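Peer 1: Have a look at the structure that comes next, please.
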Amino acid sequence: MLTFARAKNGHLPFTFLLLLLADLCLLSQQVFSQNEKGDWLVDGKSRPAQVLEISPNEIQLTNGLIRRSFYLDPNLVCFDFSNLSTGDQLLRTVMPEARITLDGREFLVGGEMDLKEKGFFKKEWLSQMGNPNDNFQYQSYQVSDITPLFPSKSQFWAGDKKGGKGKKVTFSYTHSRFPGLRLAIHYEIYDDLPLIGKYLTLENKGAKSIHIDQVVHEILGTVEEESAVVGSTDEMKKPHQLYVESDFAFNNSMNAELSNQASHWKQDSSYTSQVNYNYQTPSTLEIYPEKGIGIDLAQNQSFRSIRSYELVLDSYDRERNGLARRKMYRALTPWAMQNPIFMHLVSKNDEQVRVAIDQCVATGYEALILSFGSHINMEDESPENIARWKSLADYAHSKGIKIGGYSLFSSRSIGPETDVISPLTGKPGGAFFGNAPCLGSEWGLDYLRKLRHFFTETGFDIFENDGPYPGDVCASTTHPGHQGLAGSQWTQINLQKGLYQWMNGEGIYINAPDWYFLDGTHKIAMGYREVNFALPRDRQKILNRQNIFDATWEKTPSMGWGFVPLTAYHGGGPDAVLEPLNEHLDDYRQLMMQYYGAGIQACYRGPRLYDTEETKATVIEVIDWYKKYRDILNADIVRLRRADGRDWDGWMHVDPKGKEKGLIMLFNPTPAPIKKDISIPLYYTGLDEKASIREQEGSTKSYSLSRNYEAVVPVEIPANGYTWLVVE
C-alpha cells in the first residue's frame with residue numbers, strides 16, 4: 001500500500017541549514033536508541049520499520065536496531081548505514097548505488113563523490129557530490145509495505161507461518177540513452193530485525209531490445225575488520241557485523257556461506273589511507289553473479305536482479321549470531337518452518353506403498369516419500385503411470401497422509417544434444433558432477449513441464465529433487481532455453497526458481513540438495529558423510545549428534561534432514577542397519593529420540609516403520625512425545641556440549657515466547673551412568689531470576705539463576721542412554 005511519495009527537487013538555497021537540522025534529528029534518534037532497554041533476541045518488544053523524511057532531500061530507513069540514510073540531491077547516495085545496537089557505523093565512504101552493463105557499456109546508478117579521504121566520511125562532504133550526465137538519474141521514491149517474495153501455500157505443521165513484515169522503499173531512475181527504460185532499486189527493512197534487503201529491477205517500455213551483460217546491485221565501502229600492513233583480500237578478515245545472503249546460492253555444501261556465490265569482497269586502491277601497503281584490505285562489498293547475466297530484455301519485458309539481504313550483527317559470539325540468522329530465516333522463509341513427520345520408503349511395487357501408508361497412519365507419521373531406488377518415475381507421462389500414482393495419492397489422502405517422490409536431475413547423462421556443453425572442450429562434461437543435462441535444453445524444458453504435469457494430475461504433495469545445480473554453465477548454441485554461454489547460468493537458475501516457486505504456491509513441499517531456501521524450497525540435508533551410515537550403530541549415534549550440533553548453528557530444526565538406515569545404505573554389515581527392527585529396539589528408539597529431540601526429521605529409509613507390535617509401540621511412544629513438545633522442539637537450538645564419546649553431550653531448545661521456555665536433551669555415550677551437576681545457560685529462554693525445571697515428566701524444581709543467567713542442575717544420565725529436561 002502506497003503511503004507517500006516524494007519527487008526529486010532541484011538545488012535548495014538552504015542546503016546547509018537542512019543538513020544541520022537533519023543532524024539534530026539524527027542525534028535525537030541516537031539518544032533514544034541508546035536509552036532504549038532490551039535485547040531484540042529475547043524481549044519480544046515491537047520495533048516497527050519506518051521510512052522517515054528527515055528533510056526534502058534526506059530519508060532514513062530505521063527500526064531502532066539499524067538505520068540506513070540516503071541523500072537525494074543532485075543524485076541519490078547512501079551515506080549512512082548504522083548498527084544502532086552498538087552505535088557503530090558500517091560505512092567508511094560513499095559509493096554508487098549500483099553498476100550496470102547494458103549493450104556492452106557500463107553505467108553507474110546514483111551520485112558519485114570524488115573524495116580524497118575514503119577512510120571515514122563527514123556529512124558536510126555531501127555538498128561535494130558529483131552527478132555525471134552518464135549516470136542513471138534519480139527521479140522519485142515510493143514507500144509501501146513489504147510483500148511476499150512469491151505466493152506460498154502451507155499444508156503441513158509449521159513452527160512459524162507468517163513471515164516478516166516491514167517497509168519497502170523504491171527509488172526510480174532514468175537514463176537519456178535508454179528512453180522508456182525504468183530502473184528501480186528496492187530496499188526492504190524488516191520489523192523487529194536488524195535486516196535490510198535490496199534488489200534492482202528493469203522495465204523496458206522502449207522501442208528496442210536491450211542486452212543486459214551484468215548487474216552489480218549493491219556496492220558498499222565498508223569499515224575494515226582488521227588492519228594489516230601486508231596481506232591480501234583472501235587472507236584478511238571480512239567485516240563481522242555484516243552477514244550477507246542472497247537468492248543466488250549453490251554448490252552442494254549444505255552451508256550458507258560456502259553456497260553464497262554473489263558476495264564479492266574487493267580492494268579499493270582509491271582508499272589511500274588504509275594501513276595495507278598494497279591497498280588489498282577487503283573493504284568494498286559488491287553483490288553480483290560472477291558469470292554475468294547475458295540476456296536480452298525485449299520491449300515490455302522486465303528483469304529482477306539477485307535479491308540480497310544484509311543482517312547486521314551486534315556480537316562476535318557465534319551462538320548469538322547464529323540465533324540472529326535463524327530469526328532471519330523465520331522471517332524470510334516461513335515456508336521452511338514447516339516440518340512434516342515423514343518416512344523414506346524403498347518400494348518395488350504398489351502394495352508396499354499401501355502398507356507403508358497404513359503404517360504411517362498407525363504410528364502418527366504424517367507423510368511418505370518414495371525414496372531413490374523406488375519404483376516411481378515422474379517423467380513417465382503415460383495415462384497408465386499417471387493413473388497409478390493418482391490412485392496411490394488418493395489412497396494416502398483418504399488416510400490423512402501426504403505423499404511424495406524422488407527425481408534425479410544432475411548426476412546423469414541424457415545425450416550429447418542435451419547435456420551441458422563445456423566451454424573448454426565444446427563437448428559434454430565438465431559439470432558439477434561430471435555430466436548433467438542442461439535445464440535450458442529441449443529435454444530440460446520438457447523435464448520441467450513433465451514435473452508440473454505429474455504433480456498437477458496426481459495430487460502429490462512432496463517433491464524430493466536431486467539437483468539441479470545451476471552453477472553449471474553451458475556453451476551450447478542450440479539449446480532453446482538460453483542464449484549461448486553468457487546467459488546459460490542465469491537462465492538455468494531462473495528456470496529452476498520458476499519450478500520451485502510454482503510448487504511452493506501449490507503447497508508442494510520440496511526437499512532439495514542445495515541452499516535454495518530463498519527460491520522456495522523447504523528442507524536440505526543437515527550435512528553428513530553418506531558412507532558414515534554404513535558404520536556400526538554405536539558410532540552412528542555419536543556422529544549423528546555431532547552433525548546435529550554442527551548443522552544447527554545456521555539452520556532451524558525444520559530446515560535440515562538427517563538419515564537413519566533401516567536397511568543397508570552405502571554398504572555396511574548387520575551392525576550398521578536396524579532391520580530386523582524388533583532386534584534393535586534400543587538403538588531404534590535412541591536414534592529417533594536424538595533426531596526428534598533436536599526437532600529434526602530424519603529419512604527413515606527402508607520398507608517399513610515397524611515389524612512387530614512391540615516395535616510399533618516404540619515408534620508410537622516417540623512420535624507421541626515429539627508431538628506433545630513439538631513447539632519447543634522446533635524452536636532454536638543453543639549448544640551445551642558437543643559429542644566426543646568421552647563425557648555427556650547435549651543441546652537445549654529455547655523459546656522466550658513459548659509455554660515451555662526450554663527443552664534440554666542430554667546424552668551419555670559411556671558404559672557407566674553419569675551423575676553430576678551441569679550448568680545450563682538460560683539467557684535465551686528469556687528467564688532472568690528463576691527457572692522451573694523438571695526431568696522428563698517428574699516434579700518441577702525451582703532454580704535461582706546466577707548473574708550470567710545460568711542454573712546449576714543435578715542430572716543423572718543412564719549408561720549409553722539419554723534423558724531430557726523441561727524449563728518453564
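The values are calculated or read from the model by the stated rules, or taken from the named source; none is laboratory data. As the structure is a prediction and not an experimental result, all values here were calculated from the model. Please note: Cβ atoms are built from the backbone with ideal geometry, for glycine as well, and neighbour counts cover all protein chains shown. Side chains included, ligands, DNA and RNA excluded: accessible areas come from the protein's heavy atoms. Shrake-Rupley method; radii C 1.70, N 1.55, O 1.52, S 1.80 Å.
Peer 1: Can Leu581 be described as of a type outside the set (Gly, Ala, Ser), modelled with pLDDT of 95 or more and either touching a strand residue (DSSP E or B) at 6+ places or on another chain (Cβ under 6 Å) or buried (at least 22 other Cβ atoms within 10 Å of the Cβ) (or both)?
Peer 2: Yes: the conditions hold for Leu581.
Peer 1: Could you list all residues from segment 584-620 that are closer than 19 Å to Arg354 by Cα, under 35 Å from the mean Cα position of the chain (by Cα) and basic (Lys, Arg)?
Peer 2: Arg605, Arg608
Peer 1: Please list, ordered by residue number, the strands (runs of 3 or more DSSP E) wholly in segment 689-728 having 2 or more residues that are over 17 Å from Leu640 (Cβ atoms).
Peer 2: Here the list reads 690-695, 700-704.
Peer 1: From the set of residues in segment 432-451 that are touching a helix residue (DSSP H, G or I) at 6+ places or on another chain (Cβ under 7 Å) and assigned to a helix (DSSP H, G or I), which is farthest from Leu392 (Cα to Cα)?
Peer 2: Leu448
Peer 1: What are the pairs, 6+ residues apart or on separate chains, where a residue within segment 481-502 that is part of a loop (DSSP other than H, G, I, E, B) has its Cβ under 7 Å from a residue that is among the aliphatic types (A, V, I, L, M)?
Peer 2: What qualifies is Gly481/Leu439; Gly481/Leu445; Gly481/Leu495; Gln483/Ile295; Leu485/Val473; Leu485/Ala475; Gly487/Ile293; Gly487/Ile295.
Peer 1: If you don't mind, another one. Taking the condition of being part of a loop (DSSP other than H, G, I, E, B) and in contact with a Leu (Cβ under 9 Å, 6 or more places away or on another chain), how many residues in segment 160-181 meet it?
Peer 2: 5
Peer 1: Mind listing whichever residues of segment 56-85 are over 29 Å from the mean Cα position of the chain (by Cα) and open to solvent by 10 Å² or more (accessible area, probe 1.4 Å)?
Peer 2: Correct list: Pro56, Tyr71, Asp73, Pro74.
Peer 1: Right, another one. Could you check segment 515-531 and list, in sequence order, the residues that are surrounded by 19 or more Cβ atoms within 10 Å (Cβ to Cβ) and in contact with a helix residue (DSSP H, G or I) (Cβ under 7 Å, 6 or more places away or on another chain)?
Peer 2: Across segment 515-531, the qualifying residues are Trp515, Tyr516, Phe517, Leu518, Asp519, Gly520, Thr521, His522, Lys523, Ile524, Met526, Tyr528.
Peer 1: Does segment 292-307 include one or more residues that are in contact (Cβ under 8 Å) with a residue 60 or more places away in the chain, small (Gly, Ala, Ser) and surrounded by 20 or more Cβ atoms within 10 Å (Cβ to Cβ)? Full working, then the answer.
Peer 2: So in segment 292-307, the residues in contact (Cβ under 8 Å) with a residue 60 or more places away in the chain come out as 292-307.
Those still in the list that are small (Gly, Ala, Ser) too: 292, 294, 298, 302, 305.
Narrowing the set further to residues that are surrounded by 20 or more Cβ atoms within 10 Å (Cβ to Cβ) leaves 294, 305.
So far as segment 292-307 goes, yes, one or more of its residues are in contact (Cβ under 8 Å) with a residue 60 or more places away in the chain, small (Gly, Ala, Ser) and surrounded by 20 or more Cβ atoms within 10 Å (Cβ to Cβ).
Peer 1: So, in segment 359-405, of the ones that are open to solvent by 10 Å² or more (accessible area, probe 1.4 Å) and polar (S, T, N, Q), which residue ends up nearest to Lys627 (Cα to Cα)?
Peer 2: Going through the qualifying residues, I end up with Gln359.
Peer 1: How about segment 136-150: which of its residues are open to solvent by 20 Å² or more (accessible area, probe 1.4 Å) and under 12 Å from Thr333 (Cα atoms)?
Peer 2: Residues of segment 136-150 open to solvent by 20 Å² or more (accessible area, probe 1.4 Å): 137, 139-140, 142, 144-149.
Listed by number, the residues that qualify are Pro148, Leu149.
Peer 1: Across segment 636-646, which residue is farthest from Leu591 (Cα to Cα) among those that are open to solvent by 40 Å² or more (accessible area, probe 1.4 Å) and in a loop (DSSP other than H, G, I, E, B)?
Peer 2: Of everything passing the filter in segment 636-646, Arg646 is farthest from Leu591 (Cα to Cα).
Peer 1: Condition first: surrounded by fewer than 21 Cβ atoms within 10 Å (Cβ to Cβ) and in a helix (DSSP H, G or I). Now tell me which residues in segment 332-358 satisfy that.
Peer 2: Hits for segment 332-358 are Pro334, Asp350, Glu351, Gln352, Arg354, Val355, Asp358.
Residues are listed down the side, and each one gets a yes or a no for (1) open to solvent by 70 Å² or more (accessible area, probe 1.4 Å); (2) within 18 Å of Arg320 (Cα to Cα); (3) at pLDDT 95 or above:
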{"residue": "His653", "(1), (2), (3)": "no, yes, yes"}
{"residue": "Lys661", "(1), (2), (3)": "no, yes, yes"}
{"residue": "Leu666", "(1), (2), (3)": "no, no, yes"}
{"residue": "Ile678", "(1), (2), (3)": "no, no, yes"}
{"residue": "Lys690", "(1), (2), (3)": "yes, no, yes"}
{"residue": "Lys701", "(1), (2), (3)": "yes, no, yes"}
{"residue": "Ser704", "(1), (2), (3)": "yes, no, yes"}
{"residue": "Val712", "(1), (2), (3)": "yes, no, yes"}
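Results for (1) farther than 28 Å from Gly505 by Cβ; (2) at pLDDT below 95; (3) open to solvent by 30 Å² or more (accessible area, probe 1.4 Å), shown as yes or no for each residue.
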{"position": "Ser407", "(1), (2), (3)": "no, no, no"}
{"position": "Ser422", "(1), (2), (3)": "yes, no, no"}
{"position": "Phe463", "(1), (2), (3)": "no, no, no"}
{"position": "Gly467", "(1), (2), (3)": "no, yes, no"}
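Peer 1: I would also like to ask the following. Considering (1) of a type in the set (Ser, Thr, Tyr); (2) closer than 26 Å to Glu286 by Cα; (3) over 20 Å from the mean Cα position of the chain (by Cα), say which one Tyr187 fails and leave the rest.
Peer 2: It fails just one condition, (3).
Peer 1: Answer yes or no as to whether Leu439 is crowded, with 19+ Cβ neighbours inside 10 Å and of a type in the set (A, V, I, L, M). Reasoning before the result, please.
Peer 2: Values: crowded, with 19+ Cβ neighbours inside 10 Å: yes; of a type in the set (A, V, I, L, M): yes.
Taking the combined requirement at face value, the residue satisfies it.
Peer 1: Still on this structure: Under 18 Å from the mean Cα position of the chain (by Cα) and polar (S, T, N, Q): which single residue out of Gln540, Gln496, Gln546 fits that description?
Peer 2: One residue alone meets the criteria, Gln496.
Peer 1: For segment 371-395, which positions are of a type outside the set (Phe, Trp, Tyr), in a helix (DSSP H, G or I) and out of contact with any strand residue (DSSP E or B) (no Cβ under 8 Å at 6 or more places or on another chain)?
Peer 2: The answer is Pro383, Glu384, Asn385, Ile386, Ala387, Arg388, Lys390, Ser391, Asp394.
Peer 1: Can you work out which of the residues in segment 23-42 that are outside any helix (DSSP H, G or I) and modelled with pLDDT under 95 is surrounded by the fewest Cβ atoms within 10 Å (Cβ to Cβ)?
Peer 2: Lys37
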